[in-house]
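Colleague: Have a look at the structure that comes next, please.
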Amino acid sequence: MSISAADVKALREKTGVGMMDCKKALEECKGNFDKAIELLRKKGIATAEKRAGRVTSQGAVVSYVHMGGKIGVLVEVNCETDFVAKSEDFQGFGKDIAMHITASSPSWIRREDVPPEVLEKEKEILREQAIRTGKPEKVIEKIVKGRLNKFFSEYCLLEQPFVKNPDINIEQYLNELIGKTGEKCIIRRFVRYQLGEEI
């Protein structure tokens, strides 16, 4: 089947993946736009997994200041080569992440970063709330697990819905960058300042 240039362009704009990859995905999915997006996402994740062991010593520290200097964010994003670090895709990703952190105020990058004592306290609170529903033990465990996942998606950067496209989370957006650049990329650390926060 023939795939129109307009469809390829639309898919590229939606996913940020190269034209040839978009064309191939549309051909493979017989022109089904949603299936092509899913396929490209899976490929991005596959590329990310393949590159997991690589060293990321290059990158950039990106800043974003919002509300006339009331909130500021610095974020360090790393990749494998200086070439990718200077690319438009990588720089744009860094800016997007800094802007996202400004808006969504995460506390940690990934769920593994949540201190054990914070996690235990949260589980305890969620369990108490679940017990109050009067449901059986088996159901309580499921409720706690579900609410804990919600906690992670609120406070862990990689699990937060991306502010510019809430259909994906930050980890999926990062995997798209890995798919595009062909390099291992990571969000190493960030700091968010809000005027008057500690006062």
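Colleague: Quick check on Y173: is it in a strand (DSSP E or B) and in contact with a strand residue (DSSP E or B) (Cβ under 6 Å, 6 or more places away or on another chain)?
Modeller: No; evaluated as a whole, the condition is false for this residue.
Colleague: All but one of (1) more than 22 Å from N169 (Cβ to Cβ); (2) buried (at least 17 other Cβ atoms within 10 Å of the Cβ); (3) β-branched (V, I, T); (4) at pLDDT 90 or above hold for I140; state the number of the condition that does not hold.
Modeller: Result: I140 fails condition (4) only.
Colleague: Give the number of residues within the stretch 131-165 that are within 19 Å of V73 (Cβ to Cβ) and of a type outside the set (S, T, N, Q).
Modeller: 10
Colleague: Identify, please: which residue in the stretch 55-88 is charged (D, E, K, R) and surrounded by 14 or more Cβ atoms within 10 Å (Cβ to Cβ) and is, among those, modelled with the highest pLDDT? It would help to see each step written out before you state the result.
Modeller: Of the stretch 55-88, the ones charged (D, E, K, R) are 70, 76, 80, 82, 86, 88.
Filter again for surrounded by 14 or more Cβ atoms within 10 Å (Cβ to Cβ), leaving 76, 80.
Details: E76: 96, E80: 89.
Per the stated criteria, the residue is E76.
Colleague: Before we move on, is G59 more than 16 Å from R188 (Cβ to Cβ) and either part of a strand (DSSP E or B) or under 18 Å from the mean Cα position of the chain (by Cα) (or both)? Steps first, answer last, please.
Modeller: Details: more than 16 Å from R188 (Cβ to Cβ): no; either part of a strand (DSSP E or B) or under 18 Å from the mean Cα position of the chain (by Cα) (or both): yes.
Judged against the criteria, G59 is not a match.
Colleague: Out of (1) over 16 Å from the mean Cα position of the chain (by Cα); (2) modelled with pLDDT of 90 or more; (3) more than 17 Å from F190 (Cα to Cα), the odd one out for A6 is which?
Modeller: Every condition holds for A6 apart from (2).
Colleague: Here's a follow-up. I'd like the residue in the stretch 144-162 that is at pLDDT below 95 and aliphatic (A, V, I, L, M) and, out of all such residues, is nearest to the chain's Cα centre (by Cα).
Modeller: Top of the filtered list is L148.
Colleague: Looking at (1) assigned to a helix (DSSP H, G or I); (2) in contact with a helix residue (DSSP H, G or I) (Cβ under 9 Å, 6 or more places away or on another chain); (3) within 23 Å of V61 (Cβ to Cβ), can you tell me which one K95 breaks?
Modeller: (2)
Colleague: Tally up the residues in the stretch 158-177 that are of a type in the set (A, V, I, L, M), buried (at least 16 other Cβ atoms within 10 Å of the Cβ) and under 17 Å from T102 (Cβ atoms), please.
Modeller: 2
Colleague: Among the residues of the stretch 146-157, are any surrounded by 14 or more Cβ atoms within 10 Å (Cβ to Cβ), touching a strand residue (DSSP E or B) at 6+ places or on another chain (Cβ under 7 Å) and under 24 Å from E88 (Cα atoms)?
Modeller: yes
Colleague: Take the conditions among the hydrophobic types (A, V, I, L, M, F, W, C), part of a strand (DSSP E or B) and within 14 Å of the chain's Cα centre (by Cα) and apply them to I168. Does it pass?
Modeller: Taking the combined requirement at face value, the residue satisfies it.
Colleague: Any residue at all in the stretch 75-91 that's in contact with a strand residue (DSSP E or B) (Cβ under 6 Å, 6 or more places away or on another chain), within 29 Å of K164 (Cα to Cα), touching a residue at least 60 places away in the same chain (Cβ under 8 Å) and of a type in the set (D, E)?
Modeller: yes
The values are calculated or read from the model by the stated rules, or taken from the named source; none is laboratory data. In this text, all values refer to a predicted model and were calculated from it rather than measured experimentally. Cβ: placed from backbone, ideal geometry, glycine included. Neighbour counts: every protein chain shown.
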